[in-house]
Amino acid sequence: MRKKIIAGNWKMNNDISGSINLITELKKGLNEKTNATVIVCPPFTSLETAQTLLKDSTIKYGAQNMYYEESGAFTGEISPLMLKSLGCDYVIIGHSERRTIFNESDELINKKIKSAIKNNLIPIFCIGETLEEREKGITFDICERQVRNGLEGISETELDNLIIAYEPVWAIGTGKTATSQQAEEVHLFIRNLIEKMYSKSLAEKIIIQYGGSVKPENAKELLSQPNIDGALVGGACLKADSFLKIIEAAN
Ligand code: 13P
């Protein structure tokens, strides 16, 4: 049985006081008996706040991005060592907003995943097709290309903890969720691909989250699919009550 993992990607939202409020409300409202692993990914500027407030909490935290070098002349970038020193366990890599707005290539994403693993950060590796690609009928090809290129040169043991997040780009922030059948079909495809690339045991173990307009109203249906192991939540994680309801739906 794979444990469900519910992660909140805050994106570029919440200053320090907003972050204190949201984390405090989440801590207060979280049912400590929840079966799910809960992760918050605030902006870099609030990671220290997360570190302080989540010290004795079961809630984990991570960053939304990182650069692959450990230090040096990379103005404006944040290294995996810096994230580790803030106590991060996770880092989102290859989010579609990074791929499209900041032109991140599969090759760059591959370097970031390798660097995260090397530095003991668990990557939440995002993939997913655009609306145009879905309409052309090439969803599986796109997902396969992103998985193969993103994991290029990475061994099975290194993938022990890596999480894949399937986020159809057309469902992100649009209110248009993939139906549970549409999502399940791609999740199964990804799992079979991992089996082909690595092994059945890794395929059975790897966590594949769904992301794209996950809300309290659709979470239960999505999370009850056999190959959907969790959610990467955007908009609905910015309010404690809706994020807590999604966590509840994972039980
Ligand atoms: P929304 O839940 O706002 O659609 O965002 C999903 C997402 O991009 C999470 O990484």
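If you line up the Cα atoms of segment 115-194 on their principal axes, what length do they span on each, largest first, in Å?
37, 23, 19 Å, listed from the longest principal axis down.
Before anything else, pin down the relative contact order of segment 1-132: Cα pairs under 8 Å, at least 6 apart, normalised by residue count, whole percent.
Working: 196 pairs, mean separation 27.1, N = 132.
So the answer I get is 21 percent.
So how much slack lies between Leu131 and Glu77, counting 0.36 nm per residue of separation and subtracting their Cα-Cα distance, in nm?
Values: separation 54, 0.36 × 54 = 19.44 nm, distance 3.06 nm.
Working it through step by step, the gained length comes to 16.4 nm.
Hey, what's the per residue convex hull volume over the C-alpha atoms of the chain, in cubic angstrom?
Details: hull volume 29.5 nm³, N = 251.
Expressed per residue, the convex hull around the Cα atoms of the chain is 118 Å³.
Can you tell me which of 114-121, 199-206 comes out highest on packing, and rank the rest after it, using the mean Cβ neighbours within 10 Å? Walk me through the numbers before you get to the answer.
Values: 114-121: 19.0, 199-206: 14.2.
Output ranking for 114-121, 199-206: 114-121, 199-206.
What is the set of long-range amide H partners of His95 at a cut-off below 5 Å, with H atoms built 1.01 Å from backbone N?
Under 5 Å from the amide H of His95 lie the amide H atoms of Cys126, each far enough along the sequence or on another chain.
Report, to one decimal in Å, the Kirkwood hydrodynamic radius for segment 24-109 based on all distinct Cα pairs.
On the way: mean 1/r = 0.0700 Å⁻¹.
Taking every pair of different Cα atoms in segment 24-109, averaging 1/r and inverting gives 14.3 Å.
Quick one: Leu222, Leu26, fewest Cβ neighbours within 10 Å first, how do they rank? Walk me through the intermediate numbers first.
Values: Leu222 26, Leu26 22.
So the residues, fewest neighbours to most, are Leu26, Leu222.
Can you give me the distance in nm between label points at Glu217 and Glu70, each placed 7 Å from the Cα along the Cα-to-Cβ direction?
Output for this residue pair reads 4.9 nm.
In percent, how large is the relative contact order of segment 194-236, given Cα pairs closer than 8 Å and 6 or more residues apart?
Details: 47 pairs, mean separation 17.6, N = 43.
Over segment 194-236, the number comes to 41 percent.
So if R0 is 30 Å, what FRET efficiency would Met1 and Lys239 give, r being the distance between their Cβ atoms, rounded to the nearest 0.05? Intermediate values should be presented prior to the final figure.
Details: r = 30 Å, r/R0 = 0.99.
Once rounded, the FRET efficiency stands at 0.50.
Measure up Lys11/Lys118; Lys176/Lys200; Lys3/Lys28; Lys118/Lys239; Lys4/Lys111; Lys4/Lys114 against 29 Å on the Cα-Cα distance and list the ones that go over.
On the way: Lys11/Lys118 25 Å; Lys176/Lys200 33 Å; Lys3/Lys28 22 Å; Lys118/Lys239 34 Å; Lys4/Lys111 27 Å; Lys4/Lys114 24 Å.
In this structure, Lys176/Lys200; Lys118/Lys239 lie more than 29 Å apart at Cα.
Over the Cα atoms of segment 184-248, each weighted equally, I'd like the Debye log10 I(q)/I(0) at q = 0.17, 0.18, 0.19, 0.21 Å⁻¹, rounded to two decimals.
Values, matching the q order: -0.60, -0.65, -0.70, -0.79.
So, with +1 on the Cβ of K and R and -1 on the Cβ of D and E, and no other charges, what is the size of the charge dipole of segment 192-251 about its Cα centre, to the nearest 20 debye?
Numbers: 7 positive and 7 negative charges, 22 e Å.
Here the size comes out at about 100 debye.
Using the reciprocal of the averaged 1/r over all distinct C-alpha pairs, how large is the Kirkwood radius of segment 37-172 in Å?
Evaluated on segment 37-172, it is 15.5 Å.
State, as an integer percentage, the relative contact order of the chain based on alpha-carbon contacts under 8 Å between residues 6 or more apart. Show your work: numbers first, answer last.
Values: 473 pairs, mean separation 54.4, N = 251.
After rounding, I find 22 percent.
Enter the per residue convex hull volume of segment 1-65, computed from alpha-carbon coordinates, in Å³ rounded to the nearest integer. Could you put the intermediate results ahead of the total?
Numbers: hull volume 5.2 nm³, N = 65.
It is 80 Å³ per residue.
Across segment 87-96, in residue order, what do the Karplus-derived ³J(HN,Hα) couplings come to in whole Hz, using 6.51 cos²θ - 1.76 cosθ + 1.60 with θ = phi - 60° and x for Gly and Pro?
x, 5, 9, 10, 8, 6, 10, x, 4, 4
Can you pull the Kirkwood radius for segment 152-193, inverse mean 1/r over Cα pairs, to one decimal in Å? Mind showing how you got there, number by number?
Numbers: mean 1/r = 0.0821 Å⁻¹.
Result for segment 152-193 stands at 12.2 Å.
Which of the peptides 137-147, 97-107 is most tightly packed, and how do the rest follow, judged by the mean count of other Cβ atoms within 10 Å per residue? Present the calculation step by step, with values, prior to reporting the outcome.
Numbers: 137-147: 16.5, 97-107: 13.9.
Going by the mean number of other Cβ atoms within 10 Å, highest first, we get 137-147, 97-107.
Looking only at segment 36-58, which residues have a backbone nitrogen under 17 Å from a spot 7 Å from the Cα of Asn13 in the C-beta direction?
Residues 39-47 fall inside that zone.
Given the DSSP H assignment, sum -39500 (n - 2.57) over each helix run of at least 4 residues in the chain and divide by its residue total; what's the result at 222 nm in deg cm²/dmol, nearest 500?
Values: 11 runs with 105 residues, N = 251.
Value at 222 nm, helices only, nearest 500: -12000 deg cm²/dmol.
Quote the charge dipole size of the chain about the Cα centre in Debye, to the nearest 20; the model charges only the Cβ of Lys and Arg (+1) and of Asp and Glu (-1).
Numbers: 29 positive and 33 negative charges, 106 e Å.
With Lys and Arg at +1 and Asp and Glu at -1, about 500 debye.
Less than 12 Å Cβ to Cβ from Ser224, Lys/Arg counted +1 and Asp/Glu -1: what total charge do the surrounding residues give?
Working: positive: Lys4, Lys220; negative: Glu184, Glu221, Asp229.
Summing Lys and Arg as +1 and Asp and Glu as -1 gives -1.
Any read-out appearing in this document is the output of simple, stated calculations on the displayed coordinates, not a laboratory observation. From a predicted model like this one, the values you see are computed outputs, not experimental measurements. FYI the Cβ positions are ideal-geometry reconstructions off the backbone, even for glycines, and counts take in every protein chain you see.
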